[in-house]
Amino acid sequence: MVDGLLRLLSLSLSGALLTGGTALLARLLRGRISRTAAYYLWLPVLLRLLLAIGGLGMMIPGTASDIAGFVLVVGIVLYQRYSARRTAAA
């Protein structure tokens, strides 16, 4: 029982950290990326939360860290792409 509660706490904490990181990244990129790109930025958070509810998150170790890394890389690429586009337009 304690193991299950620790697993639930771990999944909740990783989901909260991923959500917070994505919210911060979306806030930093506001106005620099399209609305479509901003929605796609939230897709890993949605998948992470759905996998945890469905039980698949318990079978895939490191899911939160993999998705967090993916969100970070996507954010960096989008920031570079749109800042270069903005600089070229000016």
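Read the figures in this text as sums done on the coordinates, not as results from a lab. Keep in mind it's a predicted model, so treat the numbers as computed, not measured.
When the chain is fully extended, how far beyond the present Cα-Cα distance does Leu43 get from Val73, taking 0.36 nm per residue of separation?
Details: separation 30, 0.36 × 30 = 10.80 nm, distance 1.39 nm.
So the extension gain works out to 9.4 nm.
Across region 12-23, coupling constants 3J(HN,Hα) worked out from phi with the 6.51/-1.76/1.60 Karplus curve, θ = phi - 60°, read 5, 5, 5, x, 5, 5, 5, 5, x, x, 5, 5 Hz, and Gly and Pro carry x.
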